[in-house]
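Q: Below you'll find the structure I mean.
Nothing in this text is a laboratory measurement; each read-out follows from the coordinates by a stated rule. A quick note: this is a predicted structure, and the numbers were derived from the prediction, not measured. Don't worry about glycine lacking a Cβ; one is built from the backbone with ideal geometry, like all the others, and counts go over all protein chains shown.
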Amino acid sequence: MTQKHIYIFLILLTAQAFLQFARADIKTLDVDSDNFNAVIEDKVRDPFSYSGLASFYSGVTAYIINENGVERLNDENFYALTPSQSLAIVGHSKILIVSNINTEISFTDEKLILKEGGNRQKFQAQLLLKSDLAKLPQPLQKLQYAHLWEPFRLMCIGIEKVLLWLHSLHSLGWGISIILLSLLFKIFILPANVLLTRSQRSVSHIQARLAPELETIKANFSGEEAHNKFMAAHKAQGVTPFYNLKPLLLTLAPFPFSIAIFNVLGESDQIVGHSFMWIRDLTYPDAVSGFGVHIPLLGNSINLLPILMTLLTVFAALIHQNKIVSAKELRKQKLNLYFMAFGFLLLFYPFPSAMVLYWTFANIWQLIQQRFIRV
């Protein structure tokens, strides 16, 4: 692209952006080189201090916007913006977009550094919510879920539209919309769950038939002879040693959708300030009391919803225990279940309650499926 084309693009983009900014609920701020980081802290960074893996939401990220999309700025080296580029500082739910920066910049330790060598500079910036991006020109829309790989980013945009559609069907609040989303996704993956249950049952039958013979082989043979008999035992059952991979693949199949859903619920500014039952704000953990001290990975509050979610996870797994496997294998499965439940508790405990609410009802729908849908 020639310099002439770049300037034409810049003029068109600026004109289009001006019209779109006027339609969206966007604030214009006067920012200068002395108070840039103060504006970021006051206007962009989420005031709530998340803990553990959720501390991601307390951070801010810098992106360079150009005609091709967005590029993350995370290099300590100074970077000179061209006339066709803008700077975006992205927080949990808000974005600050700054144009016409005529000095070299760096973004280090979540602080914007402007290269010294001149008078105090003034910039005009636009402060907007992430939900306003859909109303803006295409290059700016790339900021939506910009931290994700492109297929996941597009998946998030689609799921967000589904969530907004569900919310438009009623006036009962965002909590109900999140519950409906979990139900809709459970229905969507129901065929895969049916296949998974049948596959797990088939694997359990094969394991039950193979177990005595494999124990005998381990006790009486070694080396190549043990390997040959091991392969022969599987062949006699009409399977390969990798017969248990199918349930694993079916288990992993919904994961990309789950990742996208959690990103949508974790970053949706539409739910900011909205309550549900005892949850004061779906954007934050559902703190019912305080610890009095800060605990690593957990924070400083007692959150009820992650505890309920963990109990439901354990209960759903226990009533759906595989009765075919041996007592030894059953004990192993229980131990794995408790480790998994504890891991989920640590993972979800400090996250926004919207995400935990979704997963809690996903477990409730799973219980209902196990009770009423026989496979």
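Q: Which translational diffusion coefficient, to the nearest whole µm²/s, is obtained for the chain from the Stokes-Einstein equation, given a Kirkwood hydrodynamic radius over C-alpha pairs, 10 °C and 1.306 mPa s?
A: Roughly 65 µm²/s, to the nearest whole number.
Q: Using the count of nearby Cβ atoms within 10 Å as a rough guide to exposure, how do 199, 171 rank from fewest to most? Each step should come with its number before you reach the end.
A: Numbers: 199 19, 171 7.
Taking fewest neighbouring Cβ atoms as first place, the list is 171, 199.
Q: Another question about this same structure. What are the extents of the Cα atoms of the stretch 70-186 along their three principal axes, listed from largest to smallest and rounded to whole Å?
A: So the three principal-axis extents are 57, 26, 25 Å.
Q: For the Cα atoms of the chain, what angle does the longest principal axis make with the long axis of helix 3-23, in degrees from 0 to 90, nearest 10?
A: The answer is roughly 80 degrees.
Q: Enumerate the amide H contacts of residue 295 below 5 Å, restricted to partners 5 or more residues apart or on another chain; note that Pro and chain-start residues carry no placed amide H.
A: Close amide H contacts, sequence-distant or interchain: 300.
Q: Compute and list, largest first, the equivalent-ellipsoid semi-axes of the stretch 205-246 from the alpha carbon gyration tensor, each √(5λ) rounded to a whole angstrom.
A: Ellipsoid half-lengths, sorted descending, are 18, 12, 8 Å.
Q: Could I ask something else about it? Counting Lys and Arg as +1 and Asp and Glu as -1, each charge on the Cβ, what is the dipole of the chain about the Cα centre in debye, to the nearest 20?
A: Working: 32 positive and 27 negative charges, 364 e Å.
Dipole magnitude for the chain comes out near 1740 debye.
Q: Now for a separate question. Could you tell me how many degrees, from 0 to 90 and to the nearest 10, lie between the Cα long axis of helix 174-188 and the main elongation axis, the longest principal axis, of the Cα atoms of the chain?
A: 50 degrees
Q: Given springs between every Cα pair under 10 Å in a Gaussian network model of the chain, which of 100, 228, 74 has the largest fluctuation?
A: Residue with maximal mean-square fluctuation among 100, 228, 74: 228.
Q: Given 0.36 nm per residue, what is the gain on full extension from residue 237 to residue 372 after removing their alpha carbon distance, in nm?
A: In short, 45.4 nm is gained.
Q: While we're on this one: Output ³J(HN,Hα) for the stretch 57-66: one whole-Hz value per residue in order, computed from phi by the Karplus curve 6.51 cos²θ - 1.76 cosθ + 1.60 with θ = phi - 60°, and x for Gly and Pro.
A: 6, 7, x, 10, 10, 9, 10, 9, 9, 9
Q: Karplus couplings for the stretch 220-227 from phi (6.51 cos²θ - 1.76 cosθ + 1.60, θ = phi - 60°), rounded to Hz, Gly and Pro as x?
A: Karplus values, whole Hz, x for Gly and Pro: 10, 9, 8, x, 5, 5, 5, 4.
Q: If the elastic network links every pair of Cα atoms under 10 Å, which of 105, 95, 217 fluctuates the most in the Gaussian network model of the chain?
A: Maximum among the listed residues: 217.
Q: Given the options 79, 50, 284, state which has the largest fluctuation in a GNM of the chain using a 10 Å cut-off (strictly under) for Cα springs.
A: The residue with the greatest mean-square fluctuation here is 79.
Q: Which of the aspartates and glutamates could be linked to residue 135 by a straight reach, that is with a Cα gap under 16 Å, when you skip same-chain ones fewer than 8 residues away?
A: 25, 160, 269
Q: Cross-link candidates for residue 332: which aspartates and glutamates have Cα within less than 17 Å, leaving aside residues fewer than 8 places away along the same chain?
A: Those aspartates and glutamates meeting the cut-off are 215.
Q: Using every Cα-Cα pair within the stretch 116-256, state what percent have a distance larger than 23 Å.
A: 64 percent
Q: Something else: Treating the beta-carbon of each Lys and Arg as +1 and of each Asp and Glu as -1, no other charges, what is the dipole magnitude of the stretch 108-207 about its Cα centre, to the nearest 20 debye?
A: 100 debye
Q: Okay, moving on. Using a 7 Å offset from the Cα along the Cα-to-Cβ direction at both residue 189 and residue 161, what is the distance between the two label points in nm, to one decimal?
A: Calculated label separation equals 2.2 nm.
Q: Still on this structure, please answer the following. Would you list which lysines come within 16 Å of residue 334, measuring only between C-alpha atoms, while excluding same-chain residues fewer than 8 positions from it?
A: List returned: 323.
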